[in-house]
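A short write-up of the structure that comes next.
The values are calculated or read from the model by the stated rules, or taken from the named source; none is laboratory data. These numbers were taken from a predicted model, which means no experiment stands behind them. In this analysis, Cβ positions are derived from the backbone assuming ideal geometry, glycine residues included, and neighbour counts consider all displayed protein chains. These accessible areas exclude ligands, DNA and RNA; they are computed on the full protein's heavy atoms, side chains included. Shrake-Rupley method; radii C 1.70, N 1.55, O 1.52, S 1.80 Å.
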Amino acid sequence: MQERTVKAYGKLNLTLDVLGRRDDGYHNLRMVMQTVELADALTIAIGTGRALQVSTNLGFLPNNAKNLAASAALRFQEATGRDLGGFSVHIQKTIPVCAGMGGGSSDAAAVLRALNEMTGAGLSDMELARVGEQVGSDVPYCVFGGTALAEGRGERLTRLPALPACWVALCKPGFSISTPELFSRIDGVKVRHHPDTAGMLGALEAGELSDVARRIYNVFEPVLSPRQKKEVQEIKNLLLQHGALGAGMSGTGPTVFGLYTEKGPAQAAVRELQGLYRDVFLTRTV
Ligand code: C5P
């Protein structure tokens, strides 16, 4: 038996644009993504000689092949033709669940990377990303990590200059959102305001954090219900009042984040939010 513990980092969307619905039911997207230090820890074993085993520290997560980490292991076996001789994973979740931070996708990507090393299969990052695509749309990005532009379903990736190092305060509001429901809501409206993706790419190229931060924008925010919108706006206001250079919602939400040059103000925002919400974190970009 071989065992190892690896980290799976969370992601944020600096921008999220929906370009249109496709014939396959998915949507063409354009998103600037960024990895943060906030991470789950996965203990992965192969050669266990037992059927697939999945466990997590959160009772409500699937502990079978429906868990993206397990699905990734099964896809890896299929893609490489290697029998893992039994696979187990224990996931210690820290990244908020169903929060727009790519937690499940990142767990899946971490499994793919770990299995690639443990088995000596030698797949390239690109090949691992292709396997990951079958598990979920955000998995290919999570295989690469860092600062990247994701297009198409999310699988067409372009590496971008790294976001200048900064502190991140993040907070998951008290409500949850269904991703398919949010996509169908956006199908029913005319998206009036799009993120300035070209401007965002220019700001990253120039290494100007404040120019990046003020371009943070997510097309899903306007289609939230009035109550959800109000809650997101209140968190954004609090982050900005504490000196965030910019703030926005990540992915299909509901996590809201703000970027800061200094740790102190980010910490002060986090302290205040911790009095109001359960899932509040201070982290940094990776
Ligand atoms: O690919 P994944 O399983 O993560 O997607 C979850 C859901 O999000 C899909 O079933 C679809 O409703 C929506 N989605 C989409 N277009 C994308 C990615 C996801 O419509 N590019």
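Of note:
- Any hit, region 205-213, residues being open to solvent by less than 30 Å² (accessible area, probe 1.4 Å), assigned to a helix (DSSP H, G or I) and not hydrophobic (A, V, I, L, M, F, W, C): no
- The residue pairs whose first member lies in region 152-165 and is closer than 10 Å to G207 by Cβ, whose second member is modelled with pLDDT of 95 or more, and whose beta carbons are closer than 6 Å, counting only pairs six or more residues apart or on different chains, are P161/L204; P161/E205; A162/T147; L163/Q34; L163/T147; L163/T285; P164/G207; P164/L209.
- Filter pass, D24 being farther than 15 Å from E3 by Cβ and within 20 Å of the chain's Cα centre (by Cα): no
- Candidate set: region 189-229, residues that are over 22 Å from T158 (Cβ atoms) and free of Cβ contacts under 8 Å to residues at least 12 places away in the same chain; chosen: the one farthest from the ligand (Cβ to nearest atom): P226
- Matching option when the condition is on the phi < 0 side of the Ramachandran plot, within 16 Å of the ligand (Cβ to nearest atom) and open to solvent by 20 Å² or more (accessible area, probe 1.4 Å), among L52, L68: L68
- Boolean, D107 is acidic (D, E) and either in contact (Cβ under 8 Å) with a residue 60 or more places away in the chain or under 25 Å from N57 (Cα atoms) (or both): yes
- Test for G132: is it crowded, with 17+ Cβ neighbours inside 10 Å, in contact (Cβ under 8 Å) with a residue 60 or more places away in the chain and at positive phi: no
- Residues that are among the acidic types (D, E), within 16 Å of the ligand (Cβ to nearest atom) and over 26 Å from L201 (Cα atoms) do occur in region 105-117.
- Tally, over region 6-16, of residues that are within 16 Å of the ligand (Cβ to nearest atom) and hydroxyl-bearing (S, T, Y): 1
- Residues within region 17-43 that are among the hydrophobic types (A, V, I, L, M, F, W, C), within 11 Å of the ligand (Cβ to nearest atom) and in contact with a helix residue (DSSP H, G or I) (Cβ under 9 Å, 6 or more places away or on another chain), tallied: 2
- Checked against (1) more than 22 Å from L273 (Cβ to Cβ); (2) at pLDDT below 95, I177 meets all criteria but (1).
- Restricting the first member to region 1-25 and to residues that are on the phi > 0 side of the Ramachandran plot, and the second to residues that are open to solvent by 50 Å² or more (accessible area, probe 1.4 Å) and part of a strand (DSSP E or B), the beta-carbon pairs closer than 8 Å and six or more apart or on different chains are G20/N28.
- Subset of region 253-286 (residues that are open to solvent by less than 20 Å² (accessible area, probe 1.4 Å), among the β-branched types (V, I, T) and in a loop (DSSP other than H, G, I, E, B)): T255
- Looking across region 138-153 at every residue that is touching a helix residue (DSSP H, G or I) at 6+ places or on another chain (Cβ under 8 Å) and more than 20 Å from N116 (Cα to Cα), the one that is most open to solvent (accessible area, probe 1.4 Å) is identified as R153.
- Hey, E3 at pLDDT 95 or above, acidic (D, E) and either within 16 Å of the ligand (Cβ to nearest atom) or over 30 Å from A213 (Cβ atoms) (or both) or not: yes
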